[in-house]
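Right, one structure below, let's go through it.
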Amino acid sequence: MTFPSAVSVASERSEDRDGEAVAVAYPNIALVKYWGKRDETLFLPVTGSLSMTLDIFPTTTSVRLIDGPADTVELNDAAATGTALARVEKFLDLVRAKAGRTDRAAVVTANAGPTGAGLASSASGFAALATAAAAAYGLDLDGRALSRLARRGSGSASRSIFGGFVVWHAGDGDGEAGDLSSYAEPIGGDELDPALVVAVVEAGAKAVSSRVAMRQTTETSPFYRPWAESSVLDLAEMRKAVARQDLPAIGEIAERNALGMHATMLTARPAIRYLSPHSLAILDAVLALRADGIVAYATIDAGPNVKVLCTRADAPLVAATIEGLGEFVTTRTAHIGPGARLTTGGDGE
Ligand code: PMV
């Protein structure tokens, strides 16, 4: 299964949609995690990462240039305030600086999935915002440039510019050299067509943002460096596993990489713990499925929700097993999804 790159569409349409644009982007779940920045301003990661873009929980974002004195941001039908508003304004400042324009914008964005719950809403959110804002401000960016731009809103957003399996390069060096070399790109392998059963145990926003948790972990956990070093090796192995379409190997690397990332958080000072008893119950169920011969492996981001990688054929059984644990969990099954793109009608999907 292959999807057209977002970018050719974005650059084709950017001119005729100058002044107003609507984009849709999907979340991605990292199988080798991004956890830690080497440059907080440029969003340069300590290590490279690899993800799968999903086909559920899209974000639809419109950006319209206005005459007013300030940007306005509407998130899920309510006016954004505080940090959420500040992050979008800062991102728009970056786009304005690149475009050499000063117009403010009215941004309207909606997530089809839970927001701020460790289900990659910031990845789909900033990928959609980068795509729509670049078009509205008349920037003609190719995929790499769009990915670098999205990275400045949320690191993981750099990967949601593309569909399928995507690698985000850590890049070399600092400053401009780092900025130019740290981008995401698709790596193929989509024919594998796996499923990701998303087990939602908490749809509310998390108490500690991934940004804060990441900083606290890199600065204080004695386990951070060892994890980062092993993650570099995980990424190299993961790329080979994706290339040979080896789902058990992909799953094994993904699970150990994610649990290692959580180990760095648990050993931060003070500790950060996103895993809940419900997360652990699902991890136990995944172990039991594997003991029964099912290829099922878990990954967990900055939140208690668990995503289980398995074959498309096994997904109903995996989902039923997890739902059978109790009413505390609901599941949605995702498959490989497309990259960010501008939409035609101007009203999203
Ligand atoms: O891009 P952020 O700031 O939302 O951080 C994402 C961090 C993880 O989801 C935990 C890992 C990843 O690679 O997506």
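The values are calculated or read from the model by the stated rules, or taken from the named source; none is laboratory data. Keep in mind that what you see is a predicted model, and the values were worked out from it rather than measured. Glycine also receives a Cβ, built like all others from the backbone with ideal geometry; neighbour counts cover every protein chain displayed.
Here are a few things to note about the model shown:
- Among the conditions (1) in a loop (DSSP other than H, G, I, E, B); (2) over 20 Å from the mean Cα position of the chain (by Cα); (3) more than 26 Å from residue 269 (Cβ to Cβ), the only one that residue 222 does not satisfy is (3).
- Looking at 339, 251, just one residue is under 20 Å from the mean Cα position of the chain (by Cα) and not assigned by TED's automatic domain parsing to the domain that holds residue 197, and that residue is 339.
- Those residues of the stretch 193-219 which are small (Gly, Ala, Ser) and not in a helix (DSSP H, G or I), in sequence order: 195, 199, 203, 204, 205, 207, 209
- Long-range neighbours under 7 Å by Cβ, at least six apart or interchain, first residue outside the structural domain of residue 36 (by TED's automatic domain parsing) within the stretch 185-214, second part of a helix (DSSP H, G or I) and not hydrophobic (A, V, I, L, M, F, W, C): 201/278; 201/279
- Strands (runs of 3 or more DSSP E) fully within the stretch 56-175 that include at least 3 residues being among the aliphatic types (A, V, I, L, M) and at pLDDT 95 or above: 59-66, 104-111.
- Against the conditions (1) touching a residue at least 40 places away in the same chain (Cβ under 8 Å); (2) among the β-branched types (Val, Ile, Thr); (3) more than 22 Å from residue 303 (Cβ to Cβ), residue 102 satisfies every one except (1).
- Residues (within 23 Å of residue 322 (Cα to Cα) and surrounded by fewer than 21 Cβ atoms within 10 Å (Cβ to Cβ)) located in the stretch 263-284: 273, 275, 276, 277, 278, 280, 281, 283, 284
- For the stretch 242-349, the strands (runs of 3 or more DSSP E) that sit wholly inside it and include 2 or more residues that are hydroxyl-bearing (Ser, Thr, Tyr) and touching a helix residue (DSSP H, G or I) at 6+ places or on another chain (Cβ under 7 Å) are 297-300, 330-334.
- Close pairs (8 angstrom Cβ cut-off, 6 or more residues apart or separate chains): at positive phi in the stretch 109-138, part of a helix (DSSP H, G or I) and modelled with pLDDT under 95 anywhere: 116/122; 118/210
- So residue 325, is it free of Cβ contacts under 8 Å to residues at least 24 places away in the same chain and within 17 Å of residue 201 (Cβ to Cβ): no
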